[in-house]
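What follows is a short report on a single structure.
The values are calculated or read from the model by the stated rules, or taken from the named source; none is laboratory data. Predicted, not measured: the structure shown is a model, and the values here were computed from it. Quick reminder, even Gly has a Cβ in these numbers, built from the backbone with ideal geometry, and neighbours come from all protein chains shown. Each accessible area value is taken on the protein alone, full model and side chains, heavy atoms only, with ligands, DNA and RNA left out. Shrake-Rupley method; radii C 1.70, N 1.55, O 1.52, S 1.80 Å.
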Amino acid sequence: MSLKFLAEDDRPREKFLQKGKNALSDSELLAIIMGSGSREESVVELARKILASVNNNWHQLSLLSVKDLMKFKGIGEAKAISIITALEIGRRRAGQEIPEKPTIGNSHDAYAILKNQLSDLRTEEFWAIFLNNSNKVIHSSQLTQGGISQSIVDVRVLFKTALEHFSTGIIIAHNHPSGSLNPSKEDINITKKIKEAGNVLSIQLLDHIIITQNSYFSFSDAGLL
């Protein structure tokens, strides 16, 4: 009995998409891993039965072997391996430290993050760093790649990405393959446009950095923001 034949309220994948992972019960999470149940039971019912056999304890479930899981009707070797693999990933994740997000306190910190991506390119690229309230880096990404003389960024794409990552601050950057550190008229105009859009959305433009092979220019340091 595959997920598509279940009642709407019993479809774990649809519930995941509509309400988020935290809304799912343990049996619904396990059902997603398994994918399907048996002719007699829905995948959620089968997941409930398996969890009940270990007192609804994930640690106890992780002790079951492939053969143990295959004793449940509807669980073949492939499903058993999928369950054990998911639990093993969880075990390894629990044993790892959460990587520390870098903090940007000044223009040089931002330059240090982006210089490897931008300093040696022969065409222009436009990048952005997205930060939280503590100025810790949440995400960084290339937004556009242009020709030898310019790379135009879509402001809508920039702030769509910022909103998706719940960032409160952004630093934009692009390179000048020519080696010139002087901002062009277009650089100044796009900076102003992004700053104004950020003010509307309460997402602060913290800096715009121009990167060359050996150095950088900061709009913030130059008092141009």
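A few remarks follow.
- Per-residue ellipticity at 222 nm, computed for the chain from helices alone with -39500 (n - 2.57) per DSSP H run of at least four residues, works out to -12000 deg cm²/dmol.
- For the chain: accessible area per residue (Å², 1.4 Å): 61
- Dimensionless Rg ratio for region 8-95, taking C-alpha atoms and the 2.2 N^0.38 Å reference: 1.04
- A Förster distance of 41 Å, applied to the separation of the beta-carbon atoms of residue 204 and residue 78, puts the FRET efficiency at 0.25.
- Set of aspartates and glutamates near residue 19 by C-alpha distance (under 16 Å), chain-local residues within fewer than 8 positions excluded: 8, 9, 10, 28
- Chain lengthening between residue 161 and residue 119 when straightened (0.36 nm per residue, less Cα-Cα): 12.8 nm
- Placing a pseudo-label 7 Å from each Cα along the Cα-to-Cβ vector at residue 224 and residue 65 gives an inter-label distance of 6.9 nm.
- Relative contact order (%) - criterion: Cα under 8 Å, at least six apart; region: the chain: 14
- Label corresponding to log10 I(q)/I(0) by the Debye sum over Cα atoms at q = 0.10, 0.11, 0.17 Å⁻¹ when calculated from the structure given, among (1) -0.62, -0.72, -1.14; (2) -0.66, -0.71, -1.03; (3) -0.88, -0.94, -1.24: (2)
- If the segment from residue 180 to residue 108 were pulled out straight at 0.36 nm per residue, it would be longer than the present Cα-Cα gap by 24.1 nm.
- When you restrict to C-alpha pairs under 8 Å that are six or more residues apart and normalise by the size of region 107-218, the relative contact order lands at 31 percent.
- Alpha-carbon Rg with Dmax, taken over region 107-218, Å: 12.9, 36
- Carbon + sulfur, % of accessible area of the chain - ligands and nucleic acids excluded, 1.4 Å: 50
- Cross-link reach list, lysines versus residue 73, counting only Cα pairs under 18 Å and skipping chain neighbours closer than eight places: 49
- Two-site label geometry, residue 189 and residue 13: point separation in nm, points 7 Å out along Cα→Cβ: 4.8
- Length gained when the stretch residue 85-residue 144 is fully extended (0.36 nm per residue, less Cα-Cα span): 17.4 nm
- In straight-distance terms, cross-link reach from residue 15 covers every one of the lysines whose alpha-carbon lies under 18 Å from its own, apart from those fewer than eight places away in the same chain; here that gives 4.
- Inter-probe distance in nm under a simple model that places probes 7 Å from Cα toward Cβ, at residue 133 and residue 214: 4.4
- Note on the chain: with a GNM built from Cα contacts shorter than 10 Å, the maximum mean-square fluctuation among 138, 50, 104 falls on 50.
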